[in-house]
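Asker: The structure is given below, and queries will be raised subsequently.
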Amino acid sequence: MAKGKYKRKNEAGGKAEKTVPVMTREDMEDNRQTLTDLDYELQAAQRAAGMRENTYGVWGPIWKLMTWYDSKRVPHTFKRRTYLWLMLFTGWFGGHRWYQGRRILALCETLFFWTGIPLILLVTDFMEVFPIKADEKGYITMK
């Protein structure tokens, strides 16, 4: 926990009754990933037990949409080298998505290539695919 202390006064406003440790910004940053993981586990446990999941304001419907989408995605296997070349030359309009087999996303990227959004998605795809090592035949599998 933190180095600092917080002294809480009793209800009458007299002498402090106990000292409570205070969490610093560094402690919060260290624990952020852990708290996120615990929240995911809690949501999964509530879903498995048939309980209503905790949702957080406007993020609740977004959370449900994301978890529904992730549950419906299927793995796609394709050649890494071909995919990277397609990203380089046809990624600006979603050509690599057609090769990957993600038809709906490919269609959306092809229809909206003029907005520049497929270029942003291309950069994120590159960051996702580039570090993945291919198997002995040159294939990778992605969800």
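Asker: Just want the ordering: D39, D135, from fewest to most Cβ atoms lying within 10 Å of their own Cβ.
Answerer: Neighbour counts put them in this order, fewest first: D135, D39.
Asker: Taking other Cβ within 10 Å of each residue's Cβ, how do H96, H76 sort, fewest first?
Answerer: Ordered by Cβ neighbours within 10 Å, fewest first: H76, H96.
Asker: Please arrange V129, V123, V74 by how many other C-beta atoms lie within 10 Å of their C-beta, fewest to most.
Answerer: V74, V123, V129
Asker: For region 76-142, report the translational diffusion coefficient in µm²/s to the nearest whole number, using Stokes-Einstein at 25 °C, 0.890 mPa s, and a Kirkwood Rh over Cα pairs.
Answerer: Answer, rounded: 207 µm²/s.
Asker: Starting from region 79-143, pick out the GluC sites (Glu not before Pro) whose DSSP state is loop and whose Cβ has at most 11 other Cβ atoms within 10 Å.
Answerer: Sites meeting the loop and neighbour criteria: E136.
Bear in mind that the values in this text are calculations on the coordinates, not laboratory data. Nothing here was measured: the structure is a model prediction, and the numbers come from that model. Glycine gets a Cβ as well: all are built from the backbone with ideal geometry, and neighbour counts include every protein chain shown.
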